[in-house]
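Each remark here refers to the structure printed beneath this line.
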Amino acid sequence: MATPRYTALRGTRDLLPEEASRWRFVESTAHELFARFGFEEIRTPVLESLELFTRSVGAASDIVAKQMYTFQAGDEAVCLRPENTAPVVRAFVEHALYRRVAAGFPERLYYIGPMFRHERPQKGRYRQFHQIGVEVLGAEEPLADAETLHLLDQLLRHLGIPDGVLVVNSVGDANCRPAYRDALLRWLEPRTAQLCEDCQRRHRDNPLRVLDCKVEADRALLAEAPRLDEYLCTPCRDHFSAVCRALDDYGVAHRIDARLVRGLDYYERTVFELSHADLGAQSALLGGGRYDGLVQALGGPAVPGFGFAVGLERLMLLLPPDLGQAHRTDAAIIPLGAEALHGAHRLADHLRREGLSVLVPLTPRPLGAQLRRADRSRARFAVFVGGAEQATGKFGVKDLDSGEQQTLDEPALLAQIKGDPRR
Ligand code: HAM
């Protein structure tokens, strides 16, 4: 019987070394930049209780209704997390991190990790995907929204991501949204037959989601629907204008779209998304907003929240090709014959202890094969070790970019490599 060929599951992917190196570059850029803004990393489990998401993201949302990986483990209904705002808020409540919040000084948390949604895979859409996200807990000031969006803007700039359009809106709060919801329902009622199948379902569960429909005919029809901004109560309206003013002060380019709504139920007031034409059909690079009622809904005190999450796979599609390449190997040590293998490994050990990256074979190989391998590792220097070198303590050293050759003893070799500007 033929041995089966195993492949990664549909919608999941392997990151081979070249790609992993670019991911690590993005992750370390994020770690460094977030620290500058006073954010601290939080790591929560990939497995969570199903109920956490039905209560927060919403039982009627597409994510919970259609895309969750859920299973029964003993008597617990568990799932693979589809997003990380609810888990971070769960941890914030569970560990009473709200005790660390003081007026003007919210808790600032960030995460980088895998999320799972059972969607139809396509370019930029996976079943296991990754997010870089931040959550600011304990600040309702519009300045919190603007400063966090400025951080996001900085992150994209540091990564050389071409400009996208940050689209912002306010979806109101528990005071004013019900009136809008009623007005929209009244307007939709005589027109439901004209809506797409998804919207006919959405409009019953959560009418606001209809505004997010991507079907052209629905969009044309909905252009005439009541506008959210006309229903905002004064505090929500004032909050949103203050957010927009603070974004201007921070120099964060944005566009207001009164039709922008999000697919997760926990949002109140500010919401935003950033799309990019180069991403094709899955054009949303990131999204987020304010969720002032979520901490309380998950059993904590009344603590407001604001955050965003960037899809890493989508971000990688936009990352300039020259960023995040693997580091070059400092030296390829080339033993000339079987007797030189021991000396070659001794030299490799010395250089590695000095912090250099070194390539050395485990078995004698022809010179040509060794040089080809050195080339694949983009080694900067080849260091030849043969009988003569071992006797004199001096090595033939070749700069693999310029072809220049020198004979150096070990201290001079070290100085040469360490002082090299290409490191
Ligand atoms: P979200 O809009 O559901 O928000 O996801 C954020 C980003 O994750 C999307 O813009 C997209 O780039 C990426 N993403 C989502 N699904 C997939 C997928 N199947 N494949 C690849 N990438 C995907 C949230 O998850 C919220 N928790 C964001 C947030 C944080 N709000 C407040 N704080």
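Read-outs throughout are calculated quantities, based only on the coordinates presented, and are distinct from any laboratory measurement. Keep in mind it's a predicted model, so treat the numbers as computed, not measured. Here the Cβ is made from the backbone with ideal geometry for all residues, glycine too, and neighbour counts use every protein chain on show.
Under 5 Å between amide hydrogens, built in the peptide plane, is the criterion, and for Ala379 it picks out Thr329 among residues at least 5 positions away or on other chains. Averaging Cα coordinates gives a centre for the stretch 159-213 and one for the stretch 277-318; these two points are 17 Å apart. Using the Karplus relation 6.51 cos²θ - 1.76 cosθ + 1.60 with θ = phi - 60°, the per-residue 3J(HN,Hα) values for the stretch 289-299 come to x, 9, 9, 5, x, 6, 4, 5, 4, 9, x Hz, with x marking Gly and Pro.
Computed from Cα positions, the angle between helix 177-188 and the longest principal axis of the chain comes to roughly 80 degrees.
Here's the picture: charge each Lys and Arg Cβ at +1 and each Asp and Glu Cβ at -1 in the stretch 90-216, and of Asn169, Phe105, Leu188 the one pushed furthest to the positive end of that dipole is Leu188. The calculated FRET efficiency for the pair Ala179 and Arg5, based on their C-beta separation and a Förster distance of 60 Å, comes to about 0.55. Placing a label point 7 Å from the Cα of Thr407 along the Cα-to-Cβ direction, the residues of the stretch 340-368 whose backbone N falls under 20 Å of that point are 340, 343-344, 347.
With the charge dipole of the chain set up from +1 on Lys and Arg Cβ and -1 on Asp and Glu Cβ about the Cα centre, the Cα lying farthest toward the positive end among the listed residues Gly289, Gly419, Leu362 is that of Leu362. A Förster radius of 35 Å, combined with the Cβ-Cβ distance separating Asp75 from His118, puts the computed FRET efficiency at roughly 0.90. On full extension of the chain, what length is gained from Ser49 through Ala369, given 0.36 nm per residue of separation minus the C-alpha to C-alpha distance? Extending this stretch completely gives an extra 109.8 nm. Grouping the Cα pair distances of the chain into 20 Å bins from zero gives a pair-distance distribution of 22, 43, 23, 11, 1 percent in increasing distance order. Extension gain for Ala388-Ser21 works out to 128.3 nm (0.36 nm per residue, less the C-alpha to C-alpha distance).
Expressed as an acute angle from 0 to 90° and rounded to the nearest 10, what is the orientation of the C-alpha long axis of helix 85-94 relative to the principal long axis of the chain? In the chain, helix 85-94 runs at an angle near 90 degrees to the longest axis.
With the simple model of a label 7 Å out from the Cα in the direction of the Cβ, Arg204 to Thr12 spans 3.5 nm. The mean sequence separation of alpha-carbon pairs under 8 Å and at least six residues apart, normalised by the residue count of the chain, gives a relative contact order of 16 percent. Label-to-label distance for Cys233 and Ala103 is 2.2 nm, based on points extended 7 Å past Cα in the beta-carbon direction. Kindly state, to the nearest 0.05, the FRET efficiency for Ala258 paired with Ser357, given R0 = 56 Å and r defined as their beta-carbon distance. Given R0 = 56 Å and the Cβ-Cβ separation, E is 0.55. Applying 0.36 nm per residue to the separation of Leu143 and Phe37 and subtracting their alpha-carbon distance, the gain on full extension is 36.8 nm. Residues of the stretch 30-67 with an amide N closer than 12 Å to a point placed 7 Å from the Cα of His95 along the Cα-to-Cβ direction: 40-45.
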